């Protein structure tokens, strides 16, 4: 699927579903679930590599994980979900040439068909324009932008009229320069609904209410693999707790067998 087909989804009124994946196991699961788009998000810096923010992850690591995601798909290549990869911190903030090299490396060496970039400052706009001219599709990202954590924190964005007007201007500019879609994170639902009706490109919400053209979530949060989840990503199942309990039971069982070797030997013989 080409990135621009998401615009057609919006025109048809089809909700767009996006889930993150970070390796072959997670990509196989989200593909089997029937997701439209797989995002290899820089959030993997936190739930895979154990960092407290998304900032430390590198372009080399993003490529490594995107290649692993590709190996996890089970269907024919023509039936794969669309794969979008985040451009990590400092892969595009340092200028257009570096951004083209980073994005080109991802698209050339993996299954990624597009990149996602946070913000709409003049320097970022220039980068996005250059990427699109070079044939690299770009998904925008406004609202809460995690790569700006040291500036804005993780608080909800666009709560004042002034902030909303600025965000609308940025969104329109991203659409005008050719972004094929826009992620809107942690903003009031009433505002995202308004913005959705203003734009022709799809607005993909995360903590932005349900009245969006689609939703994106971190798969680890929805599956309850992380210890804490944001308020807009309540787990569908507490996989972490269930896994710990199951593994504890297995460990206890092995310890019991060690304390009763005769019973353990008998059990092993019955297993074969």
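Only the coordinates and a few stated rules stand behind these numbers; no lab work does. In this text, all values refer to a predicted model and were calculated from it rather than measured experimentally. Here Cβ is always computed from backbone atoms with ideal geometry, including for glycine, and neighbour counts include all displayed protein chains.
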(request) Using only alpha carbon pairs under 8 Å that are at least six residues apart, calculate the relative contact order of the chain and give it in whole percent. (result) 16
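As an exercise, use a Förster radius of 45 Å and the Cβ-Cβ distance of residue 148 and residue 260 to find the FRET efficiency, rounded to the nearest 0.05. Write out the running numbers ahead of the final one.
Working: r = 58 Å, r/R0 = 1.30.
About 0.15, to the nearest 0.05.
Once fully extended, how much extra length lies between residue 251 and residue 132, figured as 0.36 nm per residue of separation less the alpha-carbon to alpha-carbon distance?
On the way: separation 119, 0.36 × 119 = 42.84 nm, distance 5.35 nm.
Between residue 251 and residue 132, full extension yields an extra 37.5 nm.
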(message) From the helices alone, meaning DSSP H stretches of at least four residues, give me the mean residue ellipticity at 222 nm for the chain, per-run term -39500 (n - 2.57), in deg cm²/dmol to the nearest 500.
(response) -14000 deg cm²/dmol
(message) Suppose the chain between residue 194 and residue 98 were pulled fully straight at 0.36 nm per residue; how much longer would it get relative to their current alpha carbon spacing?
(response) 31.0 nm
(request) Specify the residue with the greatest mean-square fluctuation among 245, 227, 123, computed from a Gaussian network of the chain linking alpha-carbon atoms under 10 Å apart. (result) 245
(request) Could you check the simple spin-label distance between residue 228 and residue 173, using points 7 Å along Cα→Cβ, in nm with one decimal? (result) 3.3
(request) Calculate, in whole percent, how much of the Cα-Cα pair population of the range 5-237 lies beyond 26 Å. (result) 31
(message) Could you sort the peptides 233-242, 187-196 by per-residue average Cβ neighbour count (10 Å cutoff), highest mean leading?
(response) 187-196, 233-242
(request) Compute the acute angle (0 to 90°) between the alpha-carbon long axis of helix 161-177 and the principal axis of greatest extent of the alpha-carbon atoms of the chain; round to the nearest 10°. (result) 90
(message) Can you give me the distance in nm between label points at residue 105 and residue 71, each placed 7 Å from the Cα along the Cα-to-Cβ direction?
(response) 1.9
